[in-house]
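One structure below.
Any read-out appearing in this document is the output of simple, stated calculations on the displayed coordinates, not a laboratory observation. Just so you know, these numbers come straight off a predicted model, no measurement behind them. Note: ideal-geometry Cβ built from the backbone for every residue, glycine included; neighbour counts use all protein chains shown.
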Amino acid sequence: MQTEERATTLEVDESEQLEGGARRDYMTINMGPQHPSTHGVLRLILTLDGETIVKAQPDIGYLHTGIEKTAEGKSYFKALVVTDRMDYLAPLANNLGYSLAVEKLLGIEVPERALYARVILAELQRIASHLVWLGTSALDLGAQSVFLYCFREREIILDIFELCSGVRMMTSYIMPGGLQADLPPGFEQRVRDFLALFPKRLREYHDLLTNNRLWVDRTKGICKLPAEDAVRLGCTGATLRGSGVAYDVRKAFPYGGYERFDFDIPVGANGDVYDRYLVRMLEMDQSLRIIQQALDGLPGGPWQVDDPKIVPPPKYMVSSNMEALIHHFKLYTEGYRPPAGEVYVRTESPKGELGFYMVSDGSARPYRMHVRAPSFANLQALPLMIQGAFVADVVAAIGSIDIVLGEVDR
Amino acid sequence: MSDVAWIVVAAVVKSAIAIGALLTIFAYMTLVERRVIARFQRRVGPNRAGPLGLLQPLADGMKMAFKEQIIPTKARRLIFVLSPAISVFVALIAFAVVPLGNTTTWGTSPVAIAWAPFIADLNVGVLYMLAISSLAVYGIVLGGWSSGNHYSLLGALRSAAQMVSYEVSIGLALAGVLMLSGTLSMVGIVHAQVAQGIWFILAQPLAFVLYAIAATAEVNRAPFDLPEAEQELVAGYLTEFSGLRWSLYQMAEYINMITVSSIAATLFFGGWTLGGLEGIPGMPFVWYTIKVAIFLFIFIWVRATLPRIRYDQLMKVGWQALLPLSIINLVFTGLAVALGWPWWASGLFGLGVLLIVAVVLYNRLRLRQAMERQSGEAVPLALPSSVRLVRIAPATASESGDGVVAAPAAPAESVTTS
């Protein structure tokens with residue numbers, strides 16, 4: 001009796017009556033939240049007909065951190081730190097978006113040196129994030145060595161970040177008003193070394209994957225996302241560009257000095273996994289170009305706004321200057337009060353359009369901080385992509401839209 | 001004691017040695033694989049337990065032995081417990097006909113013959129091997145099905161389809177060799193190679209390539225490791241197995257690798273022979289080991305390099321590429337043997353077919369990725385036509401947001417390309 005019950009509850013979860021008395025049975029599997037390739041704690045409820053996906057339903061919220069709400073309880077100065085934790089593979093990109101939003105609220109402009117440094121760091125961060133994406137998405141398709149090669153190069157970038165801020169990942173190095181500290185001596189040389197090394201390594205990845213027949217078979221024409229659907233669903237970043245829409249915030253709504261640099265936007269045509277892959281691969285090239293230009297034009301001078309109400313005074317002054325001590329105390333206890341108003345600032349994070357919507361009521365804390373997270377919007381395209389695909393394609397699709405669950409659930 | 005008793009003793013002793021050796025090789029094969037893959041990936045690999053990590057297999061074994069062996073509530077207990085055993089059993093007995101050296105020459109009595117360096121010289125050795133390796137699928141299918149887990153079930157089904165498909169190609173690929181040698185006995189095939197003065201790889205290059213691909217699929221190794229594709233199916237049919245049962249499956253996989261490598265070495269590379277050097281006492285075993293070790297290394301190498309193929313593509317390769325090619329090879333070899341053509345006739349034919357296939361595949365890849373790059377600066381690399389670089393003039397008005405060059409809704413065509 002019990003055996004029979006088992007037999008029916010296990011293999012068949014749903015069935016459909018076809019004409020002619022035939023019956024089609026479906027199987028439901030839960031992919032995630034604990035699954036090797038859902039890139040965190042994404043849960044997908046898949047209805048399968050054999051290995052073909054009939055229906056897919058993403059279920060998010062397993063990494064809910066309440067970052068938006070937390071920010072409302074912190075001064076602007078301190079809320080910066082929680083933004084690091086959203087897209088934890090690209091903390092500096094989050095810092096940049098947040099800082100730009102707060103600066104817009106305050107109505108301040110950062111000095112040139114900070115502008116250039118931010119561009120360099122943001123592009124390095126883009127490469128680092130893309131490297132994690134490349135490694136993990138290749139790993140999802142079974143190419144395990146690429147993963148470790150990518151992390152080898154990412155290590156160099158993280159070392160540069162550590163050199164700047166003392167922290168490898170959650171740097172909070174870009175802050176409203178400029179940078180936490182000046183770029184350290186040796187920074188330029190380290191970045192130049194990386195610029196010299198990385199194209200060769202990038203070439204190796206191309207050699208391993210781009211024309212690899214198995215890789216092409218696994219990605220070309222798989223999980224297509226038509227351009228109209230991509231736009232309709234609010235996809236941005238490489239997910240959108242892979243479908244053939246040339247939209248990059250750095251070009252469309254230039255911010256933070258990007259209009260000064262010469263770079264191109266890779267755009268796909270088919271909207272399949274392969275095009276998204278190539279778009280990101282080529283983006284890394286373009287990032288290198290931007291870094292090169294920014295590094296060549298990196299000016300000297302101050303790296304923070306000259307306003308002790310917004311940036312903390314140097315430590316040595318705190319112990320010798322009464323004014324500085326007061327500023328220091330006020331900044332860390334109370335913070336600054338931007339005028340009431342609301343701003344929306346969009347940046348091109350490695351994942352797509354990262355928007356910060358900040359509302360100030362004139363107090364020292366944000367009344368509301370809403371984050372338009374690219375991963376969240378891009379994830380919506382997943383059920384559409386994998387409709388009718390195979391189970392094996394699901395991991396390819398998840399890899400190709402490059403989600404970070406910390407950002408989806410923020 | 002009678003002759004029969006001595007023969008039984010010999011068989012038992014040799015089986016015991018073979019099983020012990022296989023299990024040891026399995027243990028060290030895991031270590032070698034981890035170390036070698038680590039080198040490929042610029043890591044160090046396990047090197048803590050003992051010098052060079054040589055005690056690592058022992059540590060792993062201990063860990064596995066003391067792990068809790070979970071049986072899921074939804075599992076069918078008896079089958080769940082039995083299926084790993086089936087896998088290992090089948091893997092072990094398949095090795096029985098692999099010759100590690102020549103028949104004994106120090107006597108013609110049944111007892112003397114019984115101590116030859118192989119457990120049995122069946123006159124249907126190759127057939128036996130094929131039959132036994134077909135049974136291996138039962139261990140996996142039953143294990144996956146009885147786990148009561150969807151992932152396991154999917155893995156098991158994949159495995160069943162995969163093994164059945166590739167079994168056919170293996171059989172047909174080997175048939176070419178059998179025609180040349182005129183015997184099914186593994187020892188006989190090596191003797192035939194010595195008698196004809198060639199290794200059969202020279203006469204049957206196409207069959208060897210087909211066998212190599214099909215055998216990789218047969219033993220579920222990368223890039224054909226779909227049944228246990230960890231990124232898709234968690235661990236496939238292995239998902240619910242833990243402790244010793246899990247390691248039994250691993251054991252079966254590695255022993256199967258050794259077995260298919262042995263078949264390749266025996267049928268295509270002259271088994272224990274090496275141009276007369278097998279006459280030195282003790283050396284046949286060394287040559288055999290070296291040959292098998294090279295194949296095992298290639299298994300690891302491939303695993304470190306290639307991405308995994310998809311299930312339907314795997315089927316396509318099996319039925320639409322390997323099968324027709326192996327039939328072509330079979331027909332031509334049959335003709336060559338029937339008409340008494342020399343060995344290089346089928347050898348050249350095989351090489352020709354391989355060349356044609358390679359050219360076709362290469363051209364197809366080129367065609368698919370016909371390059372037309374608009375902006376030739378960044379990477380000097382051939383890129384597919386589908387992705388291009390778009391040059392957008394930087395917007396002049398920023399901040400206010402009216403500097404939209406490519407509105408989100410604009411399709412790609414409206415964007416100016418350089």
Take every residue in peptide A:272-282, count the Cβ atoms of other chains within 10 Å of its Cβ, and give the average of those counts.
3
For the pair residue B:242/residue B:2, report the inter-label distance in nm, with labels modelled 7 Å from Cα in the Cβ direction.
5.2 nm
Diffing the stretch A:54-68: the Karplus 3J(HN,Hα) column from phi (6.51, -1.76, 1.60, θ = phi - 60°), in whole Hz with x for Gly and Pro, holds 8, 8, 9, 9, x, 10, 10, x, 6, 10, 5, 10, x, 5, 4
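About its Cα centre, what dipole magnitude does the stretch A:190-310 give when the only charges are +1 on Lys and Arg Cβ and -1 on Asp and Glu Cβ, stated in debye to the nearest 20? Before the final figure, lay out the partial values.
Numbers: 18 positive and 17 negative charges, 64 e Å.
Here the stretch A:190-310 has a charge dipole of around 300 debye.
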Anisotropy class of the stretch A:170-252 from Cα gyration tensor, a/c 1.5 cut:
oblate
Put +1 on the Cβ of each Lys and Arg and -1 on the Cβ of each Asp and Glu in the protein assembly as shown; which of B:191, A:397, B:44 then has its Cα farthest toward the positive end of the dipole?
B:191
Can you bin every Cα-Cα distance in the stretch A:56-200 into 10 Å intervals starting at zero and give me the percent of pairs per bin, rounded to whole numbers?
11, 36, 32, 17, 4, 0
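Where nothing but the Cβ of Lys and Arg (+1) and of Asp and Glu (-1) is charged, how large is the charge dipole of the stretch B:146-268 around its Cα centre, in debye to the nearest 20?
On the way: 3 positive and 8 negative charges, 60 e Å.
Around 280 debye, computed over the stretch B:146-268.
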Mean residue ellipticity (222 nm) of the protein assembly as shown, computed from DSSP H runs ≥ 4 via -39,500 (n - 2.57), nearest 500:
-17500 deg cm²/dmol
Once you average over the residues of A:132-144, how many Cβ atoms of partner chains fall within 10 Å of each Cβ?
4
Quick one: if you stick a label point 7 Å off each Cα along the C-beta vector at residue B:286 and residue B:78, how many nm between them?
5.2 nm
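Work out the FRET efficiency for residue A:262 and residue B:338 from their Cβ-Cβ distance, taking R0 = 56 Å, and round it to the nearest 0.05.
On the way: r = 70 Å, r/R0 = 1.26.
E between residue A:262 and residue B:338, to the nearest 0.05, is 0.20.
Too long at a 22 Å Cα-Cα cut-off: which of A:69/A:330; A:104/A:309; A:224/A:351; A:78/A:351; A:251/A:309; A:74/A:309? Present the calculation step by step, with values, prior to reporting the outcome.
Values: A:69/A:330 24 Å; A:104/A:309 16 Å; A:224/A:351 18 Å; A:78/A:351 24 Å; A:251/A:309 33 Å; A:74/A:309 17 Å.
Distance filter (> 22 Å) returns A:69/A:330; A:78/A:351; A:251/A:309.
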Taking chain A as a Gaussian network, Cα atoms linked when under 10 Å apart, which of A:358, A:322, A:31 shows the biggest mean-square fluctuation?
A:322
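For the protein assembly as shown, what is the charge dipole size about the Cα centre, in debye to the nearest 20, if Lys and Arg each add +1 at the Cβ and Asp and Glu each add -1 at the Cβ? Present the calculation step by step, with values, prior to reporting the outcome.
Details: 69 positive and 73 negative charges, 233 e Å.
With only Lys, Arg, Asp and Glu charged at Cβ, the dipole is about 1120 debye.
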For the stretch B:256-267, in order, what is each residue's ³J(HN,Hα) by Karplus, 6.51 cos²θ - 1.76 cosθ + 1.60 with θ = phi - 60°, in whole Hz (x at glycine and Pro)?
4, 4, 4, 5, 5, 5, 5, 4, 4, 5, 6, 7
Taking springs between alpha-carbon atoms closer than 10 angstrom, which of A:219, A:136, A:333 fluctuates most in the Gaussian network model of chain A?
A:333
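Give a quick list of trypsin sites (Lys or Arg not before Pro) in the stretch A:177-227 that DSSP marks as loop, anything other than H, G, I, E or B, with at most 15 other Cβ atoms within 10 Å.
Numbers: sites: A:190, A:192, A:200, A:201, A:203, A:213, A:218, A:220, A:224; in loops: A:220, A:224.
For trypsin sites (Lys or Arg not before Pro) across the stretch A:177-227 that sit outside H, G, I, E and B with at most 15 neighbouring Cβ atoms in 10 Å, the list is empty.
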Output for the stretch A:121-165: chymotrypsin sites (Phe, Trp or Tyr not before Pro) sitting in coil per DSSP, at most 12 other Cβ within 10 Å, listed by number, reads none
Quick one: if the Förster radius is 56 Å, what FRET efficiency do residue A:367 and residue B:134 give, using the C-beta to C-beta distance and rounding to 0.05?
0.20
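Compute the length gained on full extension between residue A:112 and residue A:340: take 0.36 nm times their separation in residues and subtract their Cα-Cα distance, giving the result in nm to one decimal.
Numbers: separation 228, 0.36 × 228 = 82.08 nm, distance 2.71 nm.
Using 0.36 nm per residue and subtracting the Cα-Cα distance, I get 79.4 nm.
Between residue A:69 and residue A:325, what FRET efficiency follows from the Cβ-Cβ distance if R0 is 30 Å, with the result rounded to 0.05? Intermediate results must be reported in sequence, preceding the final value.
Numbers: r = 33 Å, r/R0 = 1.10.
After rounding to 0.05, the efficiency reads 0.35.
Other chains' Cβ within 10 Å of A:261-270 residues: what's the mean?
Numbers: counts 1, 2, 5, 11, 7, 7, 10, 5, 6, 3.
Partner-chain Cβ atoms within 10 Å, mean over residues of A:261-270: 6.
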Within the stretch B:135-165, backbone nitrogen closer than 16 Å to the virtual label 7 Å beyond the Cα of residue A:59 toward Cβ:
B:150-151
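Sorted from fewest to most neighbouring beta carbons within 10 Å, what does the list A:394, A:132, B:357, A:318 look like? Present the calculation step by step, with values, prior to reporting the outcome.
Working: A:394 25, A:132 20, B:357 14, A:318 17.
By the 10 Å Cβ count, ascending: B:357, A:318, A:132, A:394.
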Looking only at lysines whose Cα falls under 20 Å of residue B:14's and that sit 8 or more positions away or on another chain, we get none
Which of A:200/A:220; A:55/B:74; A:220/B:316 have a Cα-Cα distance over 23 Å?
A:200/A:220; A:55/B:74
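Using the 10 angstrom Cβ neighbour count as an exposure proxy, how do A:223, A:164 rank, fewest first?
Numbers: A:223 27, A:164 24.
Exposure proxy ranking, most exposed first: A:164, A:223.
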